[in-house]
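The values are calculated or read from the model by the stated rules, or taken from the named source; none is laboratory data. These numbers were taken from a predicted model, which means no experiment stands behind them. Here the Cβ positions follow ideal geometry from the backbone for every residue, glycine too, while neighbour counts run over all protein chains shown.
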Amino acid sequence: MARQNLKTEDIILRAAKKVFTRKGYDGTTMQEIADEARINKALLHYYYRTKDKLFLKVFRIVFQLFVPKMGKIFSSEMTLFEKIEAFADTYIQILINNPYIPVFVMKEITSNPKRLSNTVKYLGVDPEQLFQPIRDEIKKGNIEPIDPRQLFVNLIGLCIFPIAAKPMVMAIMFNNNEEEYLKFLQERKKEVPRFIINSIRKK
């Protein structure tokens, strides 16, 4: 019975993630999630009594796609440049696999900033774990002085923008050719770290 409950909850969470990331919190109903999961609404309410509780669970699942991997990469024994390369490769692929996530996250944290701060605390995010390797390389004289926050915003922005702005990028640059667009995103895995590393490498 416990195994069956786990399977049903997993089906619900997958369905909720699909609907929420496409339609947002306000645009989603519990009935739509039940329909997507192919269960009745009463069963959905048995597992999650309110839409807010289900949404919070999905929001945390979405963030867990990114945050643990980020910490693992930047706490590894790789060099800083290798970490930047691994970050770009990992996150661009996650975004390719989950193209609705950037817009979903931005929309929801704009409408409810507290949800983001609570999620960050829940996941135990420590920015210093990400920033210290950058400070260490600056002290060693290996890279140009830069505020680690600026470096991360540059890196994240370059990874996210072509996916968050997909309709515009597709229309203007690729004449809505999906194959060429996806090829471009794969090339970004090398272009983004190359650009970032060249900007901070000590001359």
(request) Tally the residues that are within 30 Å of residue 139 (Cβ to Cβ) and among the aliphatic types (A, V, I, L, M), restricting the search to segment 166-203. (result) 4
(request) Just need a number here: residues in segment 87-127 that are more than 17 Å from residue 59 (Cβ to Cβ) and free of Cβ contacts under 8 Å to residues at least 60 places away in the same chain. (result) 4
(request) Could you please tell me which pairs satisfy a Cβ distance under 7 Å, a separation of 6+ or placement on different chains, a first residue in segment 17-43 that is among the acidic types (Asp, Glu), and a second residue that is part of a helix (DSSP H, G or I)? (result) 32/19; 36/15; 36/18; 36/19
(request) Could you check how many residues of segment 87-103 are of a type in the set (Ser, Thr, Tyr) and not in a helix (DSSP H, G or I)? (result) 1
(request) Among the candidates 29, 90, single out the residue that is closer than 30 Å to residue 184 by Cα and not aliphatic (A, V, I, L, M). (result) 90
(message) Would you confirm, using the coordinates I've provided, whether residue 130 is touching a Lys or Arg at 6+ places or on another chain (Cβ under 9 Å) and not aromatic (Phe, Trp, Tyr)?
(response) no
(message) What's the total number of residues in segment 109-138 that are modelled with pLDDT under 80 and among the acidic types (Asp, Glu)?
(response) 1
(message) Going residue by residue through segment 61-77, is there one that turns out to be surrounded by 16 or more Cβ atoms within 10 Å (Cβ to Cβ), within 21 Å of the chain's Cα centre (by Cα) and of a type in the set (D, E, K, R)?
(response) no
(request) Select from segment 168-198 the residues that are among the charged types (D, E, K, R) and either over 20 Å from residue 153 (Cβ atoms) or surrounded by 16 or more Cβ atoms within 10 Å (Cβ to Cβ) (or both) and list them in ascending order. (result) 178, 179, 180, 183, 187, 188, 189, 190
(request) Please work out which one of (1) out of contact with any Asp or Glu (no Cβ under 7 Å at 6 or more places or on another chain); (2) touching a residue at least 24 places away in the same chain (Cβ under 8 Å); (3) outside any helix (DSSP H, G or I) is the condition residue 84 fails and give its number. (result) (3)
